[in-house]
Amino acid sequence: MKPVTKRTLSLLVGLGLGVAVTGTAWSQDTLQDIMKARGLTQKDILAAAKTYTPSGGRDEYIALSSGGQSGQMIVYGIPSMRILKYIGVFTPEPWQGYGFDEESKAVLRQGNILGKEINYGDTHHPAFSETDGDYDGKYVFINDKANPRVAVIDLHDFETKQIVVNPLFKSEHGGAFATPNTEYVIEATQYAAPYDKKYHPLEKFNDEYRGGVTYWKFNKEKGRLEPENSFTLELPPYSQDLSDAGKGPSYGWSFTNSFCTERYVGGIEKGRPPYEAGCSAKDTDFLHVVNWKKAAELVKAGKGTEINGMQVLPMDVSIAEGILFLIPEPKSPHGVDVTPDGTKIIVNGKLDTHMSVYDFAKIQKAIKDKNFEGKDPYGIPIIPIQDVLHLQLEVGLGPLHTQFDSKKCVAYTSLYVDSQIVKWDFCEGKVLDKISIHYNVGHLMTMEGDTVDPDGKYLVSLNKLAIDRFNPVGPLHPQNHQLIDISGDKMELLYDMPLPLGEPHYVAAIKADKLQPEVRYKSGWNSRTDSKSEYAVRAGREKTERTCDDSGKCKVEVFGSLIRSHITPETIEAEVGDEVLIHLTNLERAEDEVHGFAMYGHNVQLSVEPGKTSTARLMATEEGVFPYYCTEFCSALHLEMQGYLLVKPKGYKATVGEGEVGTSYTKADYEKQVKENIATQAVIDEVVGFITSHNYKDFPTVVGLVEDATDQLNFAADAKAKSEAAAAKEDWQNAMLWANQWWQYQVKTADLGLRAKTYLEQNNAKKIK
Ligand code: CUK
Ligand code: CUA
């Protein structure tokens, strides 16, 4: 191989593409020196070794966290606790163009309520789609407590695809929870309210206010919830809380906790005792036990009533058909969690120091024997608690949520008041271990810990308060997700991760190899509907149309493209009053070659990933000059990825002739550029020689880079032909500019080639010729 010449090397270094020449920069410190200097213990070093992920390394698990009141989701890796992405769900998210392009606005606006745009959500519980009770890596769902809604996120691209609004509830909490084959996504109310949209005085609370649980039908093939095939079980105006779906022997059933079965109505401003007193007066509340499988059949058989477009199974039908039961549970519990084998249902005490473990077989026996201790005020049969309990165990103050280990009978429960995690045996009723966390834990989560087959290994404690754990950043603190090693008998705290985005209530973690996300879309793709965009263009077919209707209203419609390093078109002309639609297709095939599109003064910001087609819509209400540009630093000529929207006054007539624009070029300029291009081609040839003389086809990453480089070289050939045609006509201006464009494509080719070459070298590719 010919050595890289000094000239070509300096060219590449000038472009920032050169290979850095490094000396021995690695520090001479020993581990002991660093431990001493930073005050680290042996235990710290062990914890670091368990979480540290070397540069370029990958995590074993991917966590999808609620983003709390940010209305987004957070994706992070475990054990490194590195944040990988935020996903816009109920809230506009400019980086992703979510809520800015027309395609994603169509999703976000599905979440309008009473005709109003809701631009946030109080997300609580993400739920992965399941097959046979195990995560299948296809979808994730999340609920909004404040405005009862459920969103669907597709894990092939980590984008929000759908938002459904609950047409009955005014508040919810017990969602999203998937049934074992994602037949349904469960969503239960929180604060009771009338199902209709009318005023009902609080004095009518017992009769006209209602709780409920909605079973949203999920179409796995289409990846969408189907409101028309969903239904709601009418429930008393208790504050329903968390829910969980049965599995194994309890498959077909679901369980929903509640508090405030006192049905207390506060009014502190009128001198009434507050909700907190009235809602915790009784010693017990009710676990709702529902046969959803039979409920679905009843709805199918026409036993439902349609309210606001939703099928509702009235309480009297559910009672008469024997699909709804209540079991007392200790005072104001919180989470309800079904064990991996589906035989037991664990209720977390909250105001009670005990865990209550219910036996599903005993519940079934009581139902079969009609062993009821009475009815609630709505006629729902009550199963006696002592006949269906497996055991109760005192674990500590404020038990909230439980998850499971890969080890049989082992569970972990968060203790909010004690700021501890307790490890215990739910078969035998024994506390096994406790660890302090910092501080006031809400949910906790083990790896795939709510499936039929938990992985154990790690636990994340989702703490409500961080207080003194991090550098102070003002009165609003980040949340603190703490990583705990649960592989041994004793739990060990490994790492604190500040999460600066809302209060994530729950997070779920999936084995990373179950996720197979795409690196690019099919060309011209509407990512939100997952179908070919009607606005897609191919290279060279870009166009702009201006049409006016009979009333004189005009529309400028751009079918444009984005590719390193230009936007087509580079000028868009409109008149005041025009509607402007800009459809842009990213023509790149290369991994990570995203282009953005931002414009002055119009709230326009798109993220157009390779293959995607996105649309910006704006009204040209003011005349003026509005620069637009790419917002992702996509190449060395990224800053030149620019253009202008020119909005002319209505009926504008050009008064000046076309003047000279910019610099003029001579034959000498053209020839100099061609010389440069020939030298650059030599570099490219050399790199190509290196790649093709190695087994590069064994490396998919390199194959992708080579594909892209080939595209760029084809563009270079096209520009070269244009330059030569202009030169033949002695049009040195255009000859020089096209020669420069030819060079631009060569530079992109060289960039890709060098990345491929470096990759091959680092991965010890074999020489084949
Ligand atoms: S909830 Cu917040 S700590 Cu919404 Cu599951 Cu328990
Ligand atoms: Cu495209 Cu910067």
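The values are calculated or read from the model by the stated rules, or taken from the named source; none is laboratory data. Note that the coordinates shown come from a computational prediction; the quantities given were computed from them, not determined experimentally. Every residue, glycine as well, gets a Cβ built from its backbone with ideal geometry; the counts of neighbours run over all protein chains shown. When the accessible area is computed, the model is the full protein with side chains, heavy atoms only, and any ligands, DNA or RNA have been set aside. Shrake-Rupley method; radii C 1.70, N 1.55, O 1.52, S 1.80 Å.
Annotations for the structure displayed:
- Checking every one of the GluC sites (Glu not before Pro) in the range 205-297 against DSSP loop status and a limit of 12 other Cβ atoms within 10 Å picks out Glu221.
- Estimated Rh, the range 67-133: Kirkwood, alpha-carbon pairs, angstrom: 13.3 Å
- Backbone N within the range 113-155 under 19 Å of label point (7 Å from Asp453 Cα along the Cβ vector): 128-139
- The range 583-648 and the range 491-565 have Cα centres lying 13 Å from one another.
- Per-peptide average of other Cβ atoms within 10 Å, ordering 480-486, 252-258, 541-547, 128-134 highest first: 252-258, 480-486, 128-134, 541-547
- With DNA, RNA and ligands ignored, accessible area of Cys260 (1.4 Å probe; Å², nearest 10): 10 Å²
- Added length on full extension, which subtracts the Cα-Cα distance from 0.36 nm per residue, Ala728 to Phe633: 30.6 nm
- The range 667-762 - accessible surface per residue (Å², probe 1.4 Å): 48 Å²
- Of Lys300/Lys375; Lys217/Lys511; Lys514/Lys757; Lys85/Lys553; Lys697/Lys748, those spanning more than 32 Å from alpha-carbon to alpha-carbon: Lys85/Lys553
- Inter-centroid distance (Cα atoms) of the range 262-277 relative to the range 423-480, Å: 33 Å
- Note on the range 200-348: Cα convex hull, mean projected area over all directions, 10.6 nm².
- Centroid-to-centroid, using Cα positions, the range 165-239 and the range 748-765 are 54 Å apart.
- In this calculation the C-beta distance from Asp468 to Val661 is compared with R0 = 60 Å, giving a FRET efficiency of 0.45.
- Our summary of shape: the Cα atoms of the range 525-648 have principal axis extents of 45, 31, 25 Å, ordered from largest down, in whole angstrom.
- Length, then width, then depth: along the principal axes, the Cα atoms of the range 465-545 run 63, 37, 20 Å.
- Taking 4 °C and 1.567 mPa s as conditions, the range 171-242 diffuses translationally at an estimated 100 µm²/s according to Stokes-Einstein applied to its Kirkwood radius (Cα pairs).
- Fraction of the pair-distance distribution of the range 339-483 above 27 Å, Cα-Cα pairs, percent: 31 percent
- Checking every one of the GluC sites (Glu not before Pro) in the range 601-663 against DSSP loop status and a limit of 12 other Cβ atoms within 10 Å picks out Glu622, Glu658, Glu660.
- Shape category assigned to the range 421-503 from the gyration tensor of Cα positions, a/c cut at 1.5: prolate
- Added length on full extension, which subtracts the Cα-Cα distance from 0.36 nm per residue, Leu476 to Thr529: 15.3 nm
- Taken along its three principal axes, the alpha carbon spread of the range 138-219 comes to 49, 23, 17 Å, from the longest extent down to the shortest.
- In the calculated pair-distance distribution of the chain, the portion above 47 angstrom amounts to 34 percent of the Cα-Cα pairs.
- Efficiency of FRET from Cβ geometry, Ala721 and Glu591, R₀ 51 Å, rounded to 0.05: 0.95
- Quotient of the Cα radius of gyration of the range 616-769 and 2.2 N^0.38 Å, N being its number of residues: 1.40.
- Annotation: the antiparallel percentage among DSSP beta bridges lying fully within the chain is about 90.
- The share of accessible area on the chain that comes from carbon and sulfur is 53 percent, using a 1.4 angstrom probe.
- Cys with no candidate disulfide partner in the chain (beta-carbon separation under 4.7 Å rule): Cys630, Cys634
- Between Lys300 and Gln762, the distance separating the two model label sites (each 7 Å from Cα on the Cα→Cβ line) works out to 5.4 nm.
- Relative contact order computed over the chain (Cα-Cα under 8 Å; 6+ residues apart), in percent: 9 percent
- FRET efficiency, Gln516 to Lys270 (Cβ-Cβ, R0 56 Å, nearest 0.05): 0.45
- Between Asp369 and Ile382, residue separation times 0.36 nm minus the direct Cα-Cα distance comes to 3.4 nm.
- Peptides 645-655, 524-534 ranked from most to least packed by the mean count of surrounding Cβ atoms within 10 Å: 524-534, 645-655.
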